[in-house]
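The values are calculated or read from the model by the stated rules, or taken from the named source; none is laboratory data. Please read these numbers as outputs of a predicted model, since none were measured by experiment. Ideal geometry is used to build each Cβ from the backbone, glycine not excepted, and the neighbour counts take in all protein chains shown. Protein only, heavy atoms only, side chains kept; ligands, DNA and RNA dropped before computing areas. Shrake-Rupley method; radii C 1.70, N 1.55, O 1.52, S 1.80 Å.
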Amino acid sequence: MIIGDRMKVTVLGTGAFGLALASVLAENKNEVVMWTRFEEEKKRLIETKTTPKLEGFILDDKNIKIECDLEESIKGSELIVLAIPTAFITDVFKQIKKYIKTNQYICIASKGIEQGTCLFIHDMIKKQIKNKNIGAISGGSFAVDLVNKVPVGLSVASRSKKTREIIMKAFVNDHFRLEPTTDIIGIEVCGAVKNIMAIASGMVDGLGYPISTQALLITQSLHDIKSLIHALGGSKNTILSFAGFGDILLTCTSEKSRNYSFGKLIGSGASLEEIENYKNKITIEGLYTLKSIHKLIKKKKIKIPTINIIHDIVFKDKKVDELIKYISI
């Protein structure tokens, strides 16, 4: 599986972040296989070496192979990187569980929580396969920044030291830093909930309030996420990691974030038609996460008022001004 320092790595998913991670892996001279379920996308990537999903991405066809067959995609790979929307993860792992080996390592790069079950991704995977070599990476990084090789820092979490080491070996270089931790629960909570808070931060911007008011919201959000991490069995300190404060700061202050842009539409008083058009064109992970997290905290009787207010604004037509009233108390 490893040829000298060269590792075979599979990236499941050809979205912007999956492509960006593949570019880092290829830069580190790993043998990379990217899986897409769409033959047309495979053909376009191979022929043009570019994609409208990610500006600046150029396919390194010496180190990256595009594949549509799941079994072939993961065969012989030491590391499998998961970069597909949360909604499709269970289905994909139902398909690959008959192919995956116990000595293969899994790195979760997706963020979110499954609707219905309210499971975070590492629990979704454990429900389908017996492999315990599961880790996750999360932190303040946009796909375009990875492609442009700017310095970024992410957290890598796993209860398995060997899993953390394998993930770090594949990714770390002079502009891609990984900070190790055992708190996979905290890392996943941060990665999921920050998308919800980005929607709220966009709302504040859309209402016309300055960055000072956004800072107020972000600070309140940090306390709320810390409480949620603790309630779910993670470490409060994770809120101060790259996956915590680093990612929240980035996602809650940048219009590059789809979640932020969606919130800004709501805050600025966009019509229902404009909002629906945006939702239909763009995958907004925070929307799916919001439903599930709201259900989870209600089920476990955890008090996170910010999430309740954001939920009611998005799904129950509560006035967006209620968010300002709450954070101003």
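Scanning the range 23-47 for residues that are of a type in the set (Val, Ile, Thr) and under 25 Å from residue 176 (Cβ atoms) gives 24, 32, 33, 36.
Check 239, 329, 275 and return the single one that is free of Cβ contacts under 8 Å to residues at least 24 places away in the same chain and closer than 25 Å to residue 84 by Cα.
275
Residues that are open to solvent by 80 Å² or more (accessible area, probe 1.4 Å), among the basic types (Lys, Arg), modelled with pLDDT under 90 and not in a loop (DSSP other than H, G, I, E, B) do not occur anywhere in the range 283-292.
Can you name the residue in the range 133-151 that is among the aliphatic types (A, V, I, L, M) and in contact with a helix residue (DSSP H, G or I) (Cβ under 6 Å, 6 or more places away or on another chain) and is also farthest from residue 193 (Cα to Cα) among such residues? Step through it out loud before you land on a result.
Initial filter on the range 133-151 (among the aliphatic types (A, V, I, L, M)): 134, 136-137, 143-144, 146-147, 150.
Going one step further and asking which of them are in contact with a helix residue (DSSP H, G or I) (Cβ under 6 Å, 6 or more places away or on another chain), we end up with 134, 136, 143, 146-147.
Working: 134: 21, 136: 15, 143: 19, 146: 22, 147: 25 Å.
Checked the range 133-151; the qualifying residue farthest from residue 193 (Cα to Cα) is 147.
Here is the figure for the range 246-271: residues that are assigned to a loop (DSSP other than H, G, I, E, B) and open to solvent by 40 Å² or more (accessible area, probe 1.4 Å) total 6.
Give me a count of the residues in the range 199-218 that are open to solvent by 70 Å² or more (accessible area, probe 1.4 Å) and β-branched (Val, Ile, Thr).
1
Which one is nearest to residue 186 (Cα to Cα) among residues in the range 133-156 that are open to solvent by 10 Å² or more (accessible area, probe 1.4 Å) and in contact with a Ser or Thr (Cβ under 7 Å, 6 or more places away or on another chain)? Among them, the one singled out is 134.
Take residue 49 and decide whether it is among the charged types (D, E, K, R), under 28 Å from residue 256 (Cα atoms) and free of Cβ contacts under 8 Å to residues at least 24 places away in the same chain. So residue 49 fits the description; yes.
Is it the case that residue 178 is modelled with pLDDT of 95 or more and in a helix (DSSP H, G or I)? Taking the combined requirement at face value, the residue does not satisfy it. For the range 45-64, a residue qualifies if it is crowded, with 16+ Cβ neighbours inside 10 Å and outside any loop (DSSP other than H, G, I, E, B), and the qualifying residues are 45, 64. Among the residues of the range 9-35, write down those that are hydrophobic (A, V, I, L, M, F, W, C) and touching a strand residue (DSSP E or B) at 6+ places or on another chain (Cβ under 7 Å). Once the filter is applied, which keeps residues that are hydrophobic (A, V, I, L, M, F, W, C) and touching a strand residue (DSSP E or B) at 6+ places or on another chain (Cβ under 7 Å), the range 9-35 yields 9, 11, 12, 21, 22, 24, 25, 26, 32, 33, 34, 35. Within the range 83-117, the residues that satisfy the criterion of being within 16 Å of the chain's Cα centre (by Cα) and hydrophobic (A, V, I, L, M, F, W, C) are 83, 84, 87, 88, 89, 106, 107, 108, 109, 113. Please go through the range 8-44 and pick out each residue that is assigned to a loop (DSSP other than H, G, I, E, B) and under 23 Å from residue 95 (Cβ atoms). Correct list: 13, 14, 15, 36, 37, 38. Check the range 312-324 and report whether any residue there is at pLDDT below 90 and closer than 30 Å to residue 52 by Cβ. No: the range 312-324 contains no residue that is at pLDDT below 90 and closer than 30 Å to residue 52 by Cβ. Every listed requirement among (1) under 29 Å from residue 185 (Cα atoms); (2) open to solvent by less than 30 Å² (accessible area, probe 1.4 Å); (3) touching a residue at least 60 places away in the same chain (Cβ under 8 Å); (4) not basic (Lys, Arg) is met by residue 87 save one, (2).
Would you be able to tell me the number of residues in the range 149-166 that are among the aliphatic types (A, V, I, L, M) and assigned to a loop (DSSP other than H, G, I, E, B)?
Here the count works out to 1.
Out of curiosity, is residue 184 touching a Phe, Trp or Tyr at 6+ places or on another chain (Cβ under 9 Å), in contact (Cβ under 8 Å) with a residue 12 or more places away in the chain, of a type outside the set (Asp, Glu) and open to solvent by less than 10 Å² (accessible area, probe 1.4 Å)? Explain how you work it out, then say what you get.
Numbers: touching a Phe, Trp or Tyr at 6+ places or on another chain (Cβ under 9 Å): yes; in contact (Cβ under 8 Å) with a residue 12 or more places away in the chain: yes; of a type outside the set (Asp, Glu): yes; open to solvent by less than 10 Å² (accessible area, probe 1.4 Å): yes.
So residue 184 fits the description; yes.
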